[in-house]
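As structure tokens, the structure follows; a few thoughts come after it.
The values are calculated or read from the model by the stated rules, or taken from the named source; none is laboratory data. Everything numeric in this text was worked out from a predicted model, so none of it was measured. Neighbour counts run over all protein chains shown; Cβ positions are idealised from the backbone, glycine included.
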Amino acid sequence: MLHNRLLTLLSDFGLSDVYVGVMKGVIAQINPTLTAIDLTHEISPQNIAAARFCLMNAYSYFPDGTVHIAVVDPGVGSKRRGVAIKFAGGFLVGPDNGLFSGVLSESPPVAAVELTNSEYWRTPTPSTTFHGRDIFAAVGAHLASGVPLEQLGRAINPETLVQLPILECTQTDESLVGYIQYVDRFGNLITNIPGNLVEGKTWSVEAAGFTILSNKTYSDSPAGSFVALVGSHGWVEIAVNNGNAKLVLHKDLGDSVQILLHS
């Protein structure tokens, strides 16, 4: 009996080539009634940290039981594991390289398997450069169609799943220090400082020699001016109204950011 769980797809494949379409073709060959929703395929190449952030900020908007296939896989063809993971909100399928660690930091894994059962692959002799097609898309489709997790491979201890090393923000009575965990296509700098830490407070950001006052919306500052706010994702964000904060501040992933809390 087909379950027809929803599928999502996330990758760094872009849309100029046929890779994404081919993965959808594999899914359709297994179960043409499945619905696959694209989260994004514009993750910058090999950027596992960006994939981690995007998936972490997307999964909660989908129904319980959704199968999330994510493929940002610089280690494809190496000894890195392919995994399927069950968590409270659904399932994760892809390489075990840390890209799932954001989701799992919010919703811990219930069970996990290494994808060793080639019966559920597209082919028992997969390409060494395209596991997204030959393993992950196929496994995800079978999982979404009702194949039990434990049939997909060898059970592994969820504690052995790769964690992407992510620095924590630090807090004192007068300041918060964090780092940039994602840069979106507008050049907005999204930090790892949770918005609830500045809620109800007067605060500003110190970055690249600038003091940036907090506001509620982008348009609270004149065009071309800096603005600091809590974005829709719930994290403190630095932006330039009608501009690109990354280019103006020369800041990027991993760079530090300080918030001053004013009495």
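Residues that are in contact with a Pro (Cβ under 6 Å, 6 or more places away or on another chain), modelled with pLDDT of 95 or more and surrounded by 12 or more Cβ atoms within 10 Å (Cβ to Cβ) do occur in the stretch 140-161. A search for C-beta distances below 9 Å between a residue of the stretch 4-18 that is over 18 Å from residue 55 (Cβ atoms) and any residue that is part of a loop (DSSP other than H, G, I, E, B) and modelled with pLDDT of 95 or more, counting only pairs 6+ apart in sequence or on different chains, returns 4/31; 4/33; 4/34; 4/35; 4/145; 4/146; 15/41; 15/42. Among residues of the stretch 151-170 that are within 20 Å of residue 102 (Cβ to Cβ), those with a beta-carbon under 7 Å from a residue that is hydroxyl-bearing (Ser, Thr, Tyr) and surrounded by 16 or more Cβ atoms within 10 Å (Cβ to Cβ) at least six positions away or on a different chain give the pairs 163/101; 164/101; 167/179. Within the stretch 92-104, can one find any residue that is within 22 Å of residue 36 (Cα to Cα), touching a His at 6+ places or on another chain (Cβ under 9 Å) and acidic (Asp, Glu)? Among the residues of the stretch 92-104, not one is within 22 Å of residue 36 (Cα to Cα), touching a His at 6+ places or on another chain (Cβ under 9 Å) and acidic (Asp, Glu), which makes the answer no.
When each of 73, 64 is tested for being closer than 20 Å to residue 24 by Cβ and acidic (Asp, Glu), the lone residue that passes is 73.
Every residue, every condition in (1) in contact (Cβ under 8 Å) with a residue 24 or more places away in the chain; (2) part of a helix (DSSP H, G or I); (3) of a type in the set (A, V, I, L, M, F, W, C), yes or no:
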{"residue": "25", "(1), (2), (3)": "no, yes, no"}
{"residue": "92", "(1), (2), (3)": "yes, no, yes"}
{"residue": "105", "(1), (2), (3)": "yes, yes, no"}
{"residue": "112", "(1), (2), (3)": "yes, no, yes"}
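List pairs: first residue in the stretch 53-66 and in contact (Cβ under 8 Å) with a residue 60 or more places away in the chain and β-branched (Val, Ile, Thr), second residue crowded, with 18+ Cβ neighbours inside 10 Å and assigned to a helix (DSSP H, G or I) anywhere in the structure, Cβ distance under 9 angstrom, at least six positions apart or on different chains. Note: pairs meeting the criteria are 66/59; 66/144. On inspection, residue 218 fails the criterion of being hydroxyl-bearing (Ser, Thr, Tyr), buried (at least 17 other Cβ atoms within 10 Å of the Cβ) and within 26 Å of residue 46 (Cα to Cα). Yes or no: the stretch 116-129 includes at least one residue that is under 30 Å from residue 192 (Cα atoms), in the same structural domain as residue 26 (by TED's automatic domain parsing) and surrounded by 19 or more Cβ atoms within 10 Å (Cβ to Cβ). No, there is no match, as no residue in the stretch 116-129 is under 30 Å from residue 192 (Cα atoms), in the same structural domain as residue 26 (by TED's automatic domain parsing) and surrounded by 19 or more Cβ atoms within 10 Å (Cβ to Cβ).
For the stretch 205-219, how many residues meet the condition of being under 16 Å from residue 231 (Cα atoms) and either at pLDDT 95 or above or among the aliphatic types (A, V, I, L, M) (or both)?
Count: 3.
In the stretch 247-263, the residues that are without any contact (Cβ under 8 Å) to a residue 60 or more places away in the chain reach residues that are of a type in the set (A, V, I, L, M, F, W, C) and in a loop (DSSP other than H, G, I, E, B) with C-beta atoms within less than 7 angstrom, at least six apart or across chains, in these pairs: 250/208.
Condition first: surrounded by 21 or more Cβ atoms within 10 Å (Cβ to Cβ) and either touching a Pro at 6+ places or on another chain (Cβ under 6 Å) or not in a strand (DSSP E or B) (or both). Now tell me which residues in the stretch 50-81 satisfy that. Answer for the stretch 50-81, where residues must be surrounded by 21 or more Cβ atoms within 10 Å (Cβ to Cβ) and either touching a Pro at 6+ places or on another chain (Cβ under 6 Å) or not in a strand (DSSP E or B) (or both): 50, 51, 52, 53, 54, 55, 56, 59, 72, 73.
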